[in-house]
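Participant: Dropping a structure here in structure tokens format, bear with me for questions.
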Amino acid sequence: MSEKNREAKRSARERLQQERAADRVREKRRRTVVMSVVVVGVLGAVGVIGVVAAEVGKDRSDSAGQPASAPSGAVGKGGLAIPVGSPDAPSTLTVWEDFRCPACAQFENGFRDTIHKLERAGQLKVEYHLATIIDGNMGGSGSLRAANAAACAQDVGKFSPYHDVLYQNQPLETDDAFAKNSHLLDLARKVEGLESAPGFRQCVEKGEHDDWVQKSAAAFRTGGFSGTPAVLLNGESVLPKKGSENITPDNLKKWVEEANKGKKPVTPSASASPASAPDSSPAASSASSPAV
């Protein structure tokens, strides 16, 4: 066989190997896309598409191992939860969320009234855990800055209304508006007495609870959660569904009532009750519960 023929065959084999390698890459990409569509389809069935907690979601300024400055009244393991409602309420709703997460805003704006009614009735207390997935996935620091500001609001007894205002005025996911402390302080004016509360502005501007937020974000990453929001009723996941029933405001109310059967509701104290806050957000006025 001539050298020319051998070279031609070698080139043909190399082209075939390259084509097969390219086919394998295309097939891998296709499977990844298919799996992504399946995941989105399953979660989208209840109208709440959670932000996936991937390795890229790690907070770039994690301070694991450092002492955390927890906000006043923080509870739970490591003091990483902010409680709302009577501490003696018979049921507990645990919520992991990120202030930049669109699905979290959809959940909050759709379920807020139901949750607050259950809190006021003494049937439910909520423990909020704050994550920073979007900062890791999209870049920026709005998740961290907003979470710190919310923790500062907890210090002066205004977490619940300020938490609601942040979700009612959430910017687009790609807009890191919450990274500006000045914007967070402007939003604080929507909650009576918050912006002028002693120590609040300084707490926000100095990031006094940044390390605590980072501890909470680290706990989320190692907690086995698939994304935000993660919602558990008495330790059982209820998002996107509980058993065979999808989560809706009516179903959440029913599940709490079933869990509390035979138990006496506890009327929350004035300090534990969620305070109302002015809401001038057009998005919030039109918010409805996630479709099922």
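Participant: At a Förster radius of 35 Å, what calculated FRET efficiency corresponds to the Cβ-Cβ distance of GLU236 and ARG189, to the nearest 0.05?
Facilitator: That gives a FRET efficiency of 0.35.
Participant: Now a separate question. Using 0.36 nm times the number of residues separating LYS180 and SER11, minus their current alpha carbon distance, what extension gain do you get?
Facilitator: Length difference between fully extended and current span is 55.0 nm.
Participant: OK, next. Heavy atoms only, probe 1.4 Å: what % of the accessible area of region 160-220 goes to carbon and sulfur, would you let me know?
Facilitator: The computed percentage sits at 46.
Participant: Which of the pairs LYS180/LYS206; LYS215/LYS241; LYS158/LYS261 have their Cα atoms more than 23 Å apart in this structure?
Facilitator: On the way: LYS180/LYS206 12 Å; LYS215/LYS241 28 Å; LYS158/LYS261 31 Å.
Table pairs above 23 Å Cα-Cα are LYS215/LYS241; LYS158/LYS261.
Participant: A further question follows. Going by Cα centres, region 222-237 and region 81-114 are how many Å apart?
Facilitator: 12 Å
Participant: Starting from the Cα of THR222, move 7 Å in the Cα-to-Cβ direction to define the label point; list residues of region 125-153 whose amide nitrogen is under 18 Å from there.
Facilitator: Within reach of a label on THR222: 129-133.
Participant: Just add up the charged neighbours of ASP186: K/R +1, D/E -1, any other residue whose Cβ is under 10 Å from the Cβ of ASP186.
Facilitator: Values: positive: LYS180, ARG189, LYS190; negative: GLU195.
So the surrounding residues net to +2.
The values are calculated or read from the model by the stated rules, or taken from the named source; none is laboratory data. This structure is a prediction, so every number in the text was calculated from the model and none was measured. Methodologically, a virtual Cβ is constructed for each residue, glycine included, from the backbone with ideal geometry; neighbour enumeration extends over all protein chains shown. All accessible areas refer to the heavy atoms of the entire protein, side chains included, with ligands and DNA or RNA removed. Shrake-Rupley method; radii C 1.70, N 1.55, O 1.52, S 1.80 Å.
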